[in-house]
Structure formats: structure tokens, C-alpha cells
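Undergrad: Got a structure here, written out as C-alpha cells. Questions coming.
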Amino acid sequence: MEVIGNPGVMQQTVKEYLQRGNSIGFVPTMGALHEGHLSLVRRCREENDISVVSIFVNPMQFGPSGDFSRYPRNVEEDMAELSKAGVDILFMPGIEDIYPEGFATYVNVDHLSDKLCGHFRPGHFRGVATVVTKLLNIARPARAYFGRKDFQQFLIIKQLVRDLNLDTETVICPTVREADGLAMSSRNQYLSPEERNAATVIYRTLCEAKKMVISEKITFGEIRSFMERTLAAEPLVDEVQYASAFDPGTLEDISSLNVTIDKYEKEAVLLAIAVRIGSTRLIDNEPVEITGIKGGN
Ligand code: AMP
């Protein structure tokens with residue numbers, strides 16, 4: 001595995017692969033790698049000649065809370081995992097490589113960035129969109145791989161790729177979970193054993209809400225109340241930031257429509273949750289495909 005830190009060197013290396021007719025697959029990450037990241041890496045390897053992974057903890061997407069400095073960093077182990085997984089190139093730039101002095105250009109995806117997590121993390125998606133645009137321009141991948149766990153992030157990246165005519169296909173991959181359903185996340189390591197146990201309420205709530213949606217008897221308004229109530233009933237959940245049913249295209253909260261699924265026109269619903277447990281913010285989501293459900297019960 002070749003390890004490159006300098007964007008110019010990376011661009012030159014990529015250029016040579018492209019000239020030889022190789023397709024490039026790309027997985028951007030912030031490191032502290034787990035099985036969720038590695039599932040993207042495996043898919044990337046299967047579908048491309050050359051697989052590139054980046055590790056960059058992007059200061060621009062963190063708020064002022066100190067989350068950036070405490071974000072887990074595990075470079076030695078990450079490198080060993082990626083090398084074992086057969087990755088061709090690890091791109092690991094420094095902050096000054098990505099944001100040299102005088103840096104002044106930002107990418108902002110309107111509308112989608114203000115929804116869900118956008119309310120609670122001002123500027124977060126501007127930071128994500130800016131760094132991903134830069135990384136895609138540097139790595140020039142035919143395909144880039146993202147996890148469904150960060151569904152809003154995926155939608156925003158898909159939108160910027162379309163709006164800025166970037167020549168990359170964005171691929172969404174399933175959320176990888178622990179045995180008890182908790183979505184894998186680098187942030188899970190912040191949780192105490194009690195908090196880790198309490199965090200299982202997130203996926204449990206999504207699964208129960210999904211069953212209710214499918215039953216066709218309950219309105220999205222009632223689904224939202226159920227989700228909020230269930231999460232709030234867990235004593236270690238300190239804050240429910242959102243828990244509702246959303247339009248998976250626009251991320252509008254559809255709970256106010258107060259209809260049951262059989263009266264809902266679209267093809268899918270997104271159930272999504274963000275909670276704070278102690279000082280750790282956790283998110284998860286579950287899609288409900290409507291086609292094939294309606295009238296089936
Ligand atoms: P991060 O390192 O958190 O920026 O994540 C890098 C990529 O891995 C993003 O596309 C995430 O959506 C994806 N990812 C993180 N956790 C998971 C998971 N549990 N399952 C699948 N993909 C994930």
C-alpha cells in the first residue's frame with residue numbers, strides 16, 4: 001500500500017493510473033476504522049482497478065465543542081487494516097495540505113444541509129461538502145463509497161456531485177451493525193459500558209417504528225410520538241434531537257402530514273434518529289420501502 005500525504009503527489013499518481021486506463025474507487029474516511037468502513041473498502045476493491053482510501057479528520061466539519069481534538073485517532077492500526085484489506089493507496093494529508101494559508105473557497109449545498117443534523121451542527125455540512133469536493137477532485141474516482149448510516153451526508157454529496165458536474169458515481173452501502181443492532185461508529189468508543197448498553201434503544205426504536213409504519217394503521221404523527229417517547233424513556237438518553245419519519249429525497253419531516261402509509265404518495269420513508277447520550281451524539285436511520293407494502297396487510 002502506497003501512503004501519500006501531499007495532494008499534488010496524489011494527483012500525479014492518480015493521473016498515471018488513469019492514463020493507463022485504470023478505474024479508481026475511493027472511500028473517504030476520518031479514520032478510527034471499524035467494520036463499517038471496511039465494508040466500503042471491500043466493495044470499492046471489488047468494483048474498481050485501484051482502490052484509494054483517505055484518512056483526514058476534517059476540522060471544518062466540527063463545531064467549537066472540542067469534538068475535533070478528542071476525535072479518536074488510530075493511524076497505526078488503521079494502516080495495518082487497510083493494508084490487509086488490499087488497499088492500493090492511502091491518502092493521508094495534513095490539515096495544511098487541505099487548507100493552506102489563504103484558503104477561501106467553500107461548498108454549500110442549500111436546503112438539504114439545513115435539515116436533520118444541520119439544525120444541531122451549524123456549518124457541519126458545509127465542512128463536509130467542501131472537503132469531499134476537494135477529495136473527489138484530488139482522487140478523481142469513477143466511484144466513491146459512502147455508508148447509509150450517514151444518509152443525510154450521502155444525499156448532500158450526491159447533490160454536490162450533480163450540481164458541480166463531478167465525474168464520479170456515488171455508491172451507498174448498508175449500515176454495518178454490532179450484534180445487538182447498534183450502528184458501528186468511531187464515536188461508540190466514547191460510551192461507558194452503561195451508555196453503550198443504553199444506546200441499543202436507538203436501533204430498537206427504529207425497528208419497532210418500522211413495524212408500525214408497515215402495519216399501515218398508524219399515522220406518521222403517531223410514529224414520531226412513539227419514537228420520541230421510547231427514546232426519552234431511556235434514562236441515559238439526555239437529549240432527543242430528532243426522531244421522526246422523513247421524506248428520503250427532501251428530508252422534510254412528514255409527521256405533520258398525519259397520514260398513514262397507505263395515504264402517502266412517495267415510494268419510501270426514512271425513519272431517522274439523533275440522540276445525545278452523555279457527551280456523545282449518536283445517529284441512525286432505517287429506510288422503509290413502501291412499494292410492495294401497501295395493501296399487503
Ligand atoms: P467517517 O469516518 O465517520 O467519516 O465515515 C466514513 C464513511 O464510512 C462514511 O461514508 C460513513 O457513512 C461510513 N460509515 C461509518 N459508519 C458506518 C457503518 N456502521 N456502516 C456503514 N458505513 C459506515
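Here, each number is a calculation from the coordinates, and none is a lab measurement. Being a predicted model, the structure only gives us computed values, none of them experimental. Reconstructed Cβ throughout: ideal geometry from the backbone, glycine too, with neighbour counts over all protein chains shown.
Undergrad: Compare the Cα positions of L231, I277, C173 along the charge dipole of the chain (+1 at Cβ of Lys, Arg; -1 at Cβ of Asp, Glu; about the Cα centre) and return the one farthest towards the positive end.
TA: About the Cα centre, the residue reaching furthest to the positive side is C173.
Undergrad: Under 28 Å from the Cα of K134, which lysines turn up, not counting those fewer than eight places away in the same chain?
TA: Those lysines meeting the cut-off are K15, K84, K115, K149, K158.
Undergrad: Next question, about the same structure. Taking every alpha carbon pair in the chain, what does the distance histogram look like in 10 angstrom bins from 0, in percent?
TA: Bins of 10 Å from zero give 6, 26, 34, 23, 10, 2, 0 percent of pairs.
Undergrad: Here's a follow-up. Give the Rg (one decimal place) followed by the Dmax (whole number) of region 233-297, computed from C-alpha coordinates and expressed in Å.
TA: Rg, Dmax (Cα atoms, Å): 14.1, 43.
Undergrad: Also: If a/c stays under 1.5 just call it rounded; otherwise compare a/b with b/c (prolate if a/b is bigger, oblate if not). Do that for region 1-49, with a ≥ b ≥ c from the square roots of the Cα gyration tensor eigenvalues.
TA: Oblate.
Undergrad: If you place +1 on the Cβ of every Lys and Arg, -1 on the Cβ of every Asp and Glu, and leave all else neutral, what size is the dipole of region 186-286 about its Cα centre, to the nearest 20 Debye?
TA: 200
Undergrad: Also: How large is the Rg to Rh ratio of region 186-286 when both quantities use alpha carbon positions and Rh follows Kirkwood?
TA: Radius of gyration relative to Kirkwood radius: 1.00.
Undergrad: Quick one: length gained pulling E77 to E222 fully straight, 0.36 nm per residue minus the C-alpha distance?
TA: Roughly 47.7 nm would be gained on extension.
Undergrad: Quick one: P(r) of region 17-138 from all Cα-Cα pairs, 5 Å bins, percents rounded to integers, in order of increasing distance.
TA: P(r) for region 17-138, in whole percents per bin: 2, 10, 18, 20, 20, 16, 10, 3, 1, 0.
Undergrad: First obtain the Kirkwood hydrodynamic radius of region 68-107 from its Cα pairs, then insert it into the Stokes-Einstein equation at 4 °C and 1.567 mPa s, and state the resulting D in µm² per second as a whole number.
TA: 102
Undergrad: So what's region 22-86 giving for Cα Rg divided by 2.2 N^0.38 Å, two decimals?
TA: Working: Rg = 13.2 Å, N = 65, 2.2 N^0.38 = 10.7 Å.
Normalised by 2.2 N^0.38 Å, the Cα Rg of region 22-86 equals 1.23.
Undergrad: What is the sum of charges, Lys and Arg at +1 and Asp and Glu at -1, for the other residues whose Cβ falls under 10 Å from the Cβ of D67?
TA: +4
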